[in-house]
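Engineer: Here you go, one structure.
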Amino acid sequence: MSGKSLATYACVQFQGYSGYKTMPEAVALMQPRRVILTFGTNDLSPSYSASSFASDYAKGIKAVQDAYPSVDIIVNAIPPLGQQHSNQSLTQTQVDEFNKALVEMCKEKGWKFLNSAEVLRDAATGWAKTDYTLSDGVHLSKKAVEAYFTYVRTHAYQTEDRRPQPLGSIPQPDGVPANLITKDPIAV
């Protein structure tokens with residue numbers, strides 16, 4: 001899903017609720033202390049500017065914040081591409097431009113930026129580290145996801161819990177909709 005559909009795309013289902021919920025609705029139902037949002041890879045396009053991307057993404061993030069004002073917003077960097085990737089219209093230069101726009105957007109809006117790209121990127125080449133993408137050169141490998149989660153845990157944003165207490169009843173996610181994913185890309 002793209003960052004520009006963050007506010008409007010109904011993609012999360014919960015047990016006991018009919019239909020799918022948007023990300024802002026899901027956050028309000030789940031009542032998390034913080035959310036880490038990682039969007040941007042699906043927005044990459046030669047015809048989409050970094051400033052338009054950041055503006056569209058900010059609207060979605062604002063919708064999440066409006067739906068549940070107590071949540072801490074953390075915007076994650078767009079992961080680097082593999083040097084060899086299947087979609088030649090995607091460029092690492094655009095990933096870098098989008099990430100710079102995200103940093104500026106976060107400064108302007110008071111959101112935190114998590115630069116996970118620094119653990120995924122090869123400092124010498126600027127591309128994703130070797131074996132950090134699947135064969136398409138776009139999606140992260142299991143090794144990269146493990147490095148990413150270690151980075152998240154060791155670069156945690158510590159704040160006071162601002163959520164209203166006691167928390168309301170938290171519904172159980174209904175899992176991945178049937179046939180949405182036919183094979184685990186991480187296991188490939």
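The values are calculated or read from the model by the stated rules, or taken from the named source; none is laboratory data. Keep in mind it's a predicted model, so treat the numbers as computed, not measured. For neighbour counting, all protein chains shown are included, and Cβ atoms are generated from backbone atoms with ideal geometry for every residue, glycine included. All accessible areas refer to the heavy atoms of the entire protein, side chains included, with ligands and DNA or RNA removed. Shrake-Rupley method; radii C 1.70, N 1.55, O 1.52, S 1.80 Å.
Engineer: Once you list every other residue whose beta carbon is under 12 Å from the beta carbon of Gln92, what net charge do they have if Lys and Arg are +1 and Asp and Glu are -1?
Structural biologist: For residues surrounding Gln92, the net value is -2.
Engineer: Treat each spin label as a single point 7 Å out from the Cα along the C-beta direction, and report the Ser135 to Glu108 distance in nm.
Structural biologist: 4.2
Engineer: Could you check the simple spin-label distance between Asn42 and Lys62, using points 7 Å along Cα→Cβ, in nm with one decimal?
Structural biologist: It works out to 2.2 nm between the two label points.
Engineer: By the scheme Lys and Arg +1, Asp and Glu -1, what is the net charge of all other residues having a beta-carbon under 9 Å from that of Tyr157?
Structural biologist: Residues close to Tyr157 contribute a combined charge of +1.
Engineer: Mind listing the phi-derived Karplus ³J(HN,Hα) values for the stretch 138-153, rounded to whole Hz, using 6.51, -1.76 and 1.60 with θ = phi - 60°, and x for any glycine or proline?
Structural biologist: 10, 7, 6, 7, 4, 4, 5, 5, 4, 5, 4, 5, 4, 4, 4, 5
Engineer: If you stretched the chain out fully between Ser49 and Thr125, how much longer would it get, using 0.36 nm times the residue separation minus the C-alpha to C-alpha distance?
Structural biologist: 25.0 nm
Engineer: Tell me, what is the per residue accessible area of the chain in Å², probe radius 1.4 Å?
Structural biologist: 56
Engineer: Using a Förster distance of 30 angstrom, determine the FRET efficiency expected from the C-beta separation of Gln165 and Glu118, and round it to 0.05.
Structural biologist: Efficiency, rounded to the nearest 0.05: 0.25.
Engineer: May I pose another question? Search the structure for amide H atoms under 5 Å from the amide H of Val75, placed 1.01 Å from N in the peptide plane, and list their residues when 5 or more places away or on another chain.
Structural biologist: Leu37, Lys112, Phe113, Leu114
Engineer: Moving to a separate point now. Counting helices only, and only those DSSP H runs with n ≥ 4, report the 222 nm mean residue ellipticity of the chain as the sum of -39,500 (n - 2.57) divided by its residues, in deg cm²/dmol to the nearest 500.
Structural biologist: Helix-only estimate at 222 nm: -10000 deg cm²/dmol.
Engineer: Using the basic label-point model (7 angstrom from Cα toward the beta carbon), what is the Lys100 to Asp174 distance in nanometres?
Structural biologist: Using points 7 Å along Cα→Cβ, the separation is 4.4 nm.
Engineer: (i) 2.42; (ii) 1.62; (iii) 1.06: which one is Cα Rg over 2.2 N^0.38 Å as calculated from this entry?
Structural biologist: For Cα Rg over 2.2 N^0.38 Å, the calculated option is (iii).
Engineer: Please give the FRET efficiency for Gln15 paired with Thr154, using the beta carbon to beta carbon distance and R0 = 35 Å, rounded to the nearest 0.05.
Structural biologist: So, using R0 = 35 Å, E works out to roughly 0.60.
Engineer: Right, next: Which of these, Ala144, Ala124, Ala77, has the largest mean-square fluctuation under a Gaussian network model of the chain (Cα springs below 10 Å)?
Structural biologist: It is Ala124.
Engineer: Glu146 to Gln88: extension gain in nm, 0.36 nm per residue of separation minus the Cα-Cα distance?
Structural biologist: Stretched out fully, the Glu146 to Gln88 stretch lengthens by 18.2 nm.
Engineer: Sorted by accessible area with a 1.4 angstrom probe, largest first, how do Arg33, Arg153, Arg163 fall?
Structural biologist: Output order, biggest surface exposure first: Arg153, Arg33, Arg163.
Engineer: Mind listing the phi-derived Karplus ³J(HN,Hα) values for the stretch 5-13, rounded to whole Hz, using 6.51, -1.76 and 1.60 with θ = phi - 60°, and x for any glycine or proline?
Structural biologist: Rounded to whole hertz, the list is 9, 3, 7, 10, 7, 7, 9, 10, 10.
Engineer: Taking H as built 1.01 Å from N, whose amide H comes closer than 5 Å to the amide H of Val138, not counting residues under 5 places away?
Structural biologist: Correct list: Gly82, Ser86.
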